[in-house]
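Working notes, beginning with the structure itself.
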Amino acid sequence: MEAFLSIVEKGNEMVNRVVWGPVMLCFLLFVGIQFTFRLRFFQLTKIRLWMRHTLGSFLHPRKKKDKNSKAISPFQAMTTALAGAIGTGNIVGVATAITLGGPGAIFWMWVASFFGMMTVFAENILGIRYRCKNQKGEWTGGPMYYIEKGLHQKWLAVAFSVACILASFGMGNMTQANSIAGALQEGFGVSPKITGVLIAMLVGFIIFGGIQRIAKVTEKVVPFMALFYMAGAVVVMVVHASSVPGVLKDIVQQAFQLQSAAGGAGGCVMAAAVKYGVARGVFSNEAGLGSTPIVHSASDTKEPVEQGMWGIFQVFLDTLVMCTMTALCILASGAAESGKEGVALSTAAFSTVFGKFGSLFVAVSIVLFAFATIVGWSFYGERSIEYLSGGSRKSIPIYKAVYVVAVAFGCVMDLRLVWSISDTFNGLMAIPNLIALLLLSSQVVSITKDYLSRPQISHIKRKQKQREKGMQKAKRRSGFL
């Protein structure tokens, strides 16, 4: 058995080097870059527009949802996608990026996320464009549908679905459950066996209620856990505020540092920063993997571009806000010099302010983040099973039952090999998805330009200009101009 596992491990390492190698990372960046240029830096030039349609939507009364509707709201779709994206990568992934790539890795994480905004934007547009109704009358979509209907490559859609199912059990389930068990044992002394039973029961209750129950849970849990973590991070940054400007300077300078890295023959600091910054950025926000459009396609929106804007906000919050906060806490607190790695490094950063409660804060955050990921990824696997079954839902209960059992096993198993294999399947998901995004990019551009040219959008632009002119006139009258 050990010989077999050794062969599997070596084989996986070989595939992983290709899947997450320089070519793949460049491909991920290239897809986001080409959408950014072709849509004239939409994520930057249209920031008012997508902020108004996302964050700004809470300032306006929401329309009452049809009780008979099988769809979820755009906000629920975004929080469910965030549930799958916000995970241990926001805490452990950032710490690992700094350890392996130095402070400069954070700069490249920002770069990857900036372009990743447009990748998720495109994914969501195509997800809405090619979605269909399933047997329950729910909207169902995702890369497998736009690969089959848009590219007419069924085999590639099947390959994506298989990789997604396997990734849901690994990166989306067992590894997250293992993180929860470790955090509760370390912070509160709870036995992994007890954790496994309790988490499995809770996950089962939620996912057997379907997307409606999953969405109701995520729309409450995700905002709470995000605000909880950001509040703690803000306190740490305020306490170490004097170090923040220097940290930001180091992040930018070391992102372009070209001298040889310590102990690396022919390597350089910049290469390590780029590699781990881009990789951990993608690991955190999942831009390009093809997971998030699966749940965004289930929303009741009629406009693909508007759901695409929720995707932009998703990446913005996940990486540019939350991951940046983690990085600043680690670097400004001086924890990066402690020699610690992973979760221990993040814990050390928060402990500089909260003392012994720092480990408890990180433990609670990991539990919340990992649990949300488990719930979110169950839906990705479910939709992939449904696709492979030709729309039939007979095998869905079996999938959910196995998924729940996997949660319990994940809490008590040694998952070093599972982590590695899951990482590989995540990369294998990205390959067919990125190919589809690139070949269908003209449709994304056309749909976006059509949306921006409509009268209601022009009306909004005119209102903005009128408002700006009114403000300028008011300033002139008051003597400020």
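Could you tell me whether any residue of region 384-391 is in contact with a Cys (Cβ under 6 Å, 6 or more places away or on another chain), among the polar types (S, T, N, Q) and part of a helix (DSSP H, G or I)? I'd like the intermediate steps shown before the answer.
Step one: list which residues in region 384-391 are in contact with a Cys (Cβ under 6 Å, 6 or more places away or on another chain), which gives 384.
If we keep only those that are among the polar types (S, T, N, Q) too, we end up with 384.
Next cut, part of a helix (DSSP H, G or I) only: 384.
Taking every residue of region 384-391 in turn, at least one turns out to be in contact with a Cys (Cβ under 6 Å, 6 or more places away or on another chain), among the polar types (S, T, N, Q) and part of a helix (DSSP H, G or I).
Each row is one residue, and each column tells you yes or no for (1) in contact with a Ser or Thr (Cβ under 8 Å, 6 or more places away or on another chain); (2) surrounded by 24 or more Cβ atoms within 10 Å (Cβ to Cβ).
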position: Ala349; (1), (2): yes, yes
position: Phe354; (1), (2): no, no
position: Val362; (1), (2): yes, yes
position: Leu368; (1), (2): no, no
position: Ser384; (1), (2): yes, yes
position: Gly390; (1), (2): no, no
position: Pro397; (1), (2): no, no
position: Ala401; (1), (2): no, no
position: Val407; (1), (2): no, yes
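Please go through region 1-29 and pick out each residue that is more than 21 Å from Ala167 (Cβ to Cβ), free of Cβ contacts under 8 Å to residues at least 12 places away in the same chain and part of a helix (DSSP H, G or I).
Residues satisfying the conditions are Glu2, Ala3, Phe4, Ser6, Ile7, Cys26.
Are there any pairs, at least 6 apart or on different chains, whose C-beta atoms fall under 7 Å, with the first in region 193-218 and within 14 Å of Trp377 (Cβ to Cβ) and the second open to solvent by 30 Å² or more (accessible area, probe 1.4 Å) and at pLDDT below 90, and if so, which?
Between residues of region 193-218 that are within 14 Å of Trp377 (Cβ to Cβ) and residues that are open to solvent by 30 Å² or more (accessible area, probe 1.4 Å) and at pLDDT below 90, the close pairs are Ile206/Arg213; Ile206/Val217.
Looking at region 317-340, can you tell me whether even one residue there is among the basic types (Lys, Arg), open to solvent by 30 Å² or more (accessible area, probe 1.4 Å) and within 29 Å of Gly104 (Cα to Cα)?
yes
Give all pairs with beta carbons closer than 7 Å in which a residue from region 393-410 that is without any contact (Cβ under 8 Å) to a residue 12 or more places away in the chain meets a residue that is part of a helix (DSSP H, G or I) and open to solvent by 20 Å² or more (accessible area, probe 1.4 Å); count only pairs at least 6 apart in sequence or on separate chains.
Here the result reads Ser395/Ile385, each pair linking region 393-410 to a residue that is part of a helix (DSSP H, G or I) and open to solvent by 20 Å² or more (accessible area, probe 1.4 Å).
Regarding region 355-367, can at least one residue be identified that is under 22 Å from the mean Cα position of the chain (by Cα), in a helix (DSSP H, G or I), closer than 27 Å to Ile206 by Cα and among the aromatic types (Phe, Trp, Tyr)?
yes
Pairs please, first residue from region 275-300 and part of a helix (DSSP H, G or I) and modelled with pLDDT under 80, second anywhere and acidic (Asp, Glu) and surrounded by 24 or more Cβ atoms within 10 Å (Cβ to Cβ), Cβ atoms under 9 Å, 6+ apart in sequence or on different chains.
Going by the 9 Å Cβ cut-off, the qualifying pairs are Ser284/Asp318; Asn285/Asp318.
Scanning for something more than 16 Å from Val282 (Cα to Cα), open to solvent by 30 Å² or more (accessible area, probe 1.4 Å) and modelled with pLDDT of 90 or more, does region 121-129 turn up at least one residue?
Yes, region 121-129 contains a residue that is more than 16 Å from Val282 (Cα to Cα), open to solvent by 30 Å² or more (accessible area, probe 1.4 Å) and modelled with pLDDT of 90 or more.
Looking only at residues that are of a type in the set (S, T, N, Q) and surrounded by 20 or more Cβ atoms within 10 Å (Cβ to Cβ) in region 421-453, which one is modelled with the lowest pLDDT?
Within region 421-453, the match that is modelled with the lowest pLDDT is Ser422.
Going by what's in this entry, would Val418 be described as among the hydrophobic types (A, V, I, L, M, F, W, C), open to solvent by 30 Å² or more (accessible area, probe 1.4 Å) and modelled with pLDDT under 85?
For Val418, the condition - among the hydrophobic types (A, V, I, L, M, F, W, C), open to solvent by 30 Å² or more (accessible area, probe 1.4 Å) and modelled with pLDDT under 85 - is met.
Sort out which residues of region 111-159 are of a type in the set (Val, Ile, Thr) and farther than 30 Å from Phe256 by Cβ, and write them in order of number.
Those that are of a type in the set (Val, Ile, Thr) and farther than 30 Å from Phe256 by Cβ: Ile125, Ile128, Thr140, Ile147, Val158.
Here is a yes/no grid of residues against (1) open to solvent by 60 Å² or more (accessible area, probe 1.4 Å); (2) modelled with pLDDT under 90:
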{"position": "Cys164", "(1), (2)": "no, no"}
{"position": "Asn173", "(1), (2)": "no, yes"}
{"position": "Asn178", "(1), (2)": "no, yes"}
{"position": "Ala183", "(1), (2)": "no, yes"}
{"position": "Phe205", "(1), (2)": "yes, no"}
{"position": "Val222", "(1), (2)": "no, yes"}
{"position": "Tyr229", "(1), (2)": "no, yes"}
{"position": "Gly232", "(1), (2)": "no, no"}
{"position": "Gly246", "(1), (2)": "no, no"}
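So which residues in region 99-116 are open to solvent by 10 Å² or more (accessible area, probe 1.4 Å) and part of a helix (DSSP H, G or I), if there are any at all? I'd like the intermediate steps shown before the answer.
To start, the set of residues in region 99-116 that are open to solvent by 10 Å² or more (accessible area, probe 1.4 Å) comprises 99-100, 102-103, 107-108, 110-112, 114-115.
Hits for region 99-116 are Thr99, Leu100, Phe107, Trp108, Trp110, Val111, Ala112, Phe114, Phe115.
What are the residue pairs meeting all of these: first residue in region 237-250, first residue part of a helix (DSSP H, G or I), second residue surrounded by fewer than 16 Cβ atoms within 10 Å (Cβ to Cβ), Cβ atoms under 8 Å, and 6 or more apart or on different chains?
So the pair list comes out as Met237/Val244; Ser243/Gly334.
For Gln466, state whether it is within 23 Å of Thr45 (Cβ to Cβ) and modelled with pLDDT under 75.
yes
Condition first: free of Cβ contacts under 8 Å to residues at least 60 places away in the same chain and at positive phi. Now tell me which residues in region 331-371 satisfy that.
Across region 331-371, the qualifying residues are Gly339, Gly355.
The values are calculated or read from the model by the stated rules, or taken from the named source; none is laboratory data. Please read these numbers as outputs of a predicted model, since none were measured by experiment. Counting neighbours? That spans all protein chains shown, and the Cβs are built from the backbone with ideal geometry, glycine included. All accessible areas refer to the heavy atoms of the entire protein, side chains included, with ligands and DNA or RNA removed. Shrake-Rupley method; radii C 1.70, N 1.55, O 1.52, S 1.80 Å.
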